[in-house]
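The next block holds one structure in the form of structure tokens; read it before the comments.
The values are calculated or read from the model by the stated rules, or taken from the named source; none is laboratory data. Just so we're clear, the structure is a prediction, and the values are computed from it rather than from any experiment. Please note: Cβ atoms are built from the backbone with ideal geometry, for glycine as well, and neighbour counts cover all protein chains shown. Ligands, DNA and RNA are excluded from the accessible area calculation, which covers all protein heavy atoms including side chains. Shrake-Rupley method; radii C 1.70, N 1.55, O 1.52, S 1.80 Å.
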Amino acid sequence: MGEDDLNFNDLPFELMCEILDYLPLRDIKNASTVCRRWNAIIFSEVYIHRFRLQLNLDYALPVLKQMAQLLEASDREYYSVVLRANLGSPLTDARLQIVKLMIRLLAHRSESLYFNMADFRIESCVSERLLRGRKLQVIDTRAKYLPLGMGLKESMLGAICEYAVDLVDLVIAEMNINNPKALVPLSSLKRLKLLLISDYYPYVKPPEPPIDLPSLENLSLIKVTDESCHYFRVDNLKRFFIHSTGTDAPRTMDFITQNITRVSRLCLHFTARSIQAEVIFGWLDRFPNLLALELAGVALPVDVLKHLSPVNRLQKLIFVSCHLESMLLDELEAKLAHLRLLCFDGCSLFHKQSGFHPVHYDDIEELRHILPYCRVMLDYD
């Protein structure tokens, strides 16, 4: 072809869209990285809506059955699926069939899922980078009816566990559920390595952990009751994160150590400054493999390390949003002989004349001289 011949990029927008339609969704994502023009076309409002499917679950039963048949027979892929429904009407088998079908299609090739229970949204994603892929959302068209909403949440979670058995990462956000049996279906996810759950409020301690996750390495429980620790059998766990709604540190630590002790990294976040941080350090000898501790939202007195065993193996100590009496904690060198990283992230230091102020670089300078083999820093990523 000569210099004056037609180039592919000279084609009009509409024709480019028709050509791209022949590609599967994965290849379209790759095509969006070829050049700026292709990226602009693929992510334009006109084109991206071709991969957005909206279904109304309030149609009559014969229509819902016909929709299910058509969707099952179709090989079309969608970036976004929105199911519109009046959550005040009965959760019929036909409506639930559509929901389960879309979850099955969504989760078929996904190893990571994000399920937001507050707005009934499911998205495939790369959890470490929070990159979102295909997604499913159920939207109520009239007033929400709470009992039905709870039923739909648990049905959708059950469908995930049924159709996405090869999941590696699962995020369940904004559960707002206190039913202790709601998460039991998670035991079917034998390959799961990362699980994040928020807003889970069981108030009953089970005699035995009902959820067995043999491959789980990373468990995060955010805004939960202390009892939630007892619902997971996690023999290979490496990292445990809990953001407790409780204000009794000994009770929280007691609940954790009854079931979770083999971790190498422990992250404890609290919301009450009245938490006795020195008590927390006294419980650390129950974690024989512990190498890293992250402690957040508590007040740190100068003798906070008094109950810490000197034979601990801590190499990383991270304080997040804590209030310190002094930067020079009592017995710091003796109790933390193996420490290689000490971080103060968003912490405040008490000054006699003016109260609490954010910790600055000047405040940690003396610590750097006292701990020459330890990296002392302000922010941790």
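Quick rundown of the values:
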read-out: Qualifying residue in region 360-372 (condition: touching a residue at least 12 places away in the same chain (Cβ under 8 Å), within 29 Å of Asp285 (Cα to Cα) and open to solvent by 90 Å² or more (accessible area, probe 1.4 Å)); value: yes
read-out: Where a residue in region 269-294 is in a helix (DSSP H, G or I) and its partner, wherever it lies, is open to solvent by 30 Å² or more (accessible area, probe 1.4 Å) and charged (D, E, K, R), with Cβ under 6 Å and at least six apart; value: Glu278/Lys306
read-out: Residue within region 319-327 that is small (Gly, Ala, Ser), at negative phi and surrounded by fewer than 17 Cβ atoms within 10 Å (Cβ to Cβ) present; value: yes
read-out: The lone exception for Arg313 - which of (1) surrounded by fewer than 18 Cβ atoms within 10 Å (Cβ to Cβ); (2) assigned to a helix (DSSP H, G or I); (3) in contact with a His (Cβ under 7 Å, 6 or more places away or on another chain) it fails; value: (2)
read-out: Leading residue by the ranking (modelled with the lowest pLDDT) among those in region 41-81 that are open to solvent by less than 60 Å² (accessible area, probe 1.4 Å) and more than 30 Å from Asp93 (Cα to Cα); value: Ile48
read-out: Residue ID - surrounded by the most Cβ atoms within 10 Å (Cβ to Cβ), chosen from residues in region 152-182 that are over 11 Å from Phe115 (Cβ atoms) and in contact with a strand residue (DSSP E or B) (Cβ under 6 Å, 6 or more places away or on another chain); value: Asp169
read-out: Selected residue [touching a Cys at 6+ places or on another chain (Cβ under 7 Å) and among the β-branched types (Val, Ile, Thr)] from Val359, Val304, Val311, Val320; value: Val359
read-out: Residue within region 214-226 that is modelled with pLDDT under 90 and either assigned to a helix (DSSP H, G or I) or aromatic (Phe, Trp, Tyr) (or both) present; value: yes
read-out: Exclusive hit being open to solvent by 50 Å² or more (accessible area, probe 1.4 Å), in a helix (DSSP H, G or I) and modelled with pLDDT under 60, set Pro185, Pro147; value: Pro147
read-out: Selected residue [part of a strand (DSSP E or B) and surrounded by 15 or more Cβ atoms within 10 Å (Cβ to Cβ)] from Leu342, Leu308; value: Leu342
read-out: Condition broken by His357, with the remaining ones in (1) loosely packed, with under 15 Cβ neighbours inside 10 Å; (2) over 28 Å from the mean Cα position of the chain (by Cα); (3) part of a loop (DSSP other than H, G, I, E, B) satisfied; value: (3)
read-out: Subset of region 199-238 [open to solvent by 40 Å² or more (accessible area, probe 1.4 Å), out of contact with any helix residue (DSSP H, G or I) (no Cβ under 9 Å at 6 or more places or on another chain) and either under 18 Å from Ala296 (Cα atoms) or of a type in the set (Val, Ile, Thr) (or both)]; value: Ile222, Lys223
read-out: Qualifying residue in region 239-250 (condition: open to solvent by 30 Å² or more (accessible area, probe 1.4 Å), charged (D, E, K, R), touching a Gly at 6+ places or on another chain (Cβ under 9 Å) and in contact (Cβ under 8 Å) with a residue 24 or more places away in the chain); value: no
